[in-house]
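To keep things clear, I will list the structure first and then write my remarks on it.
The values are calculated or read from the model by the stated rules, or taken from the named source; none is laboratory data. As the structure is a prediction and not an experimental result, all values here were calculated from the model. FYI the Cβ positions are ideal-geometry reconstructions off the backbone, even for glycines, and counts take in every protein chain you see. Only protein heavy atoms, including side chains, enter the accessible area calculation; ligands, DNA and RNA are left aside. Shrake-Rupley method; radii C 1.70, N 1.55, O 1.52, S 1.80 Å.
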Amino acid sequence: MIIRNAKYNECFKISDIGSKTYTKSFGETLEGEELEEHLIKEKSEDYFKSRFHLDMFLVAEVRNSLAGYLQISDMNLRVKDFTPVLSGQLLNAVYVNQEFQRSGIATQLIKSALNSKRILKAPCVYVDVWEMNLSAIRLYKRFGFKLAGKCEVVIAGRVIGEDLVMVRNH
């Protein structure tokens, strides 16, 4: 497995991984139109192209094929219960193709992200995670993340719930 910076021409593949993984994980909790709108707004090739020079994208390559990605962006969550450090960074997405899940790819993506210059120069890094995703919570705790509060989950302009927000200070 190779972890590396994504290339602009891989935005379609990143979109495919994000769309399929998101739909499998959360598709049943959304109405069809909400899911479709969210995939266009947050997981489409156009979205990734528009974010490519603003955010950092790491990809995991296995046997010359993309198996997963991680997106790092500026902190932009609609938080509750605490005041975030706005100069902090956000692990905005960690997605792994289903066939490669539970093979250590997410761990390696996170490890590489936490050692990146972008994260190392920030005072802290945040991640939001669904409170029912216990394996992801355990993974983030292994990397030193601690519960900070909650954030709103907004899909298609509507608040549909809350996620946990975890923080790791430097």
Inset, instruction - Can you tell me which residue among Glu28, Glu34 is assigned to a helix (DSSP H, G or I), open to solvent by 60 Å² or more (accessible area, probe 1.4 Å) and either out of contact with any Asp or Glu (no Cβ under 7 Å at 6 or more places or on another chain) or touching a residue at least 24 places away in the same chain (Cβ under 8 Å) (or both)? - result: Glu28
Inset, instruction - Quick one: count up the residues across the range 5-50 that are touching a strand residue (DSSP E or B) at 6+ places or on another chain (Cβ under 7 Å) and not hydroxyl-bearing (Ser, Thr, Tyr). - result: 10
Legend entry - Test for Gln108: is it closer than 19 Å to Ser65 by Cα and modelled with pLDDT of 95 or more: yes
Legend entry - Qualifying helices (runs of 4 or more DSSP H) (wholly inside the range 51-170; at least 1 residues being among the aromatic types (Phe, Trp, Tyr), open to solvent by less than 70 Å² (accessible area, probe 1.4 Å) and on the phi < 0 side of the Ramachandran plot): 134-142
Legend entry - Pick from the range 5-25, criterion among the hydrophobic types (A, V, I, L, M, F, W, C) and part of a helix (DSSP H, G or I), ranking: most open to solvent (accessible area, probe 1.4 Å): Phe12
Legend entry - Residue under evaluation Val129, criteria (1) among the aliphatic types (A, V, I, L, M); (2) touching a residue at least 60 places away in the same chain (Cβ under 8 Å); (3) touching a strand residue (DSSP E or B) at 6+ places or on another chain (Cβ under 7 Å), criterion not met: (2)
Legend entry - Close pairs (8 angstrom Cβ cut-off, 6 or more residues apart or separate chains): within 13 Å of Thr83 (Cβ to Cβ) in the range 142-153, assigned to a strand (DSSP E or B) and among the aromatic types (Phe, Trp, Tyr) anywhere: Ala148/Tyr126
Legend entry - Test for Ile2: is it modelled with pLDDT of 95 or more, among the β-branched types (Val, Ile, Thr), touching a strand residue (DSSP E or B) at 6+ places or on another chain (Cβ under 9 Å) and surrounded by 15 or more Cβ atoms within 10 Å (Cβ to Cβ): no
Legend entry - Filter result (assigned to a helix (DSSP H, G or I) and open to solvent by 20 Å² or more (accessible area, probe 1.4 Å)) within the range 39-50: Leu39, Ile40, Lys41, Glu42, Glu45, Asp46, Tyr47, Lys49, Ser50
Inset, instruction - Pairs only if they're at least six apart or on different chains, beta carbon under 8 angstrom, first in the range 38-52 and closer than 17 Å to Thr23 by Cα, second open to solvent by 40 Å² or more (accessible area, probe 1.4 Å) and of a type in the set (Phe, Trp, Tyr); list them, first residue then second. - result: Glu45/Phe12
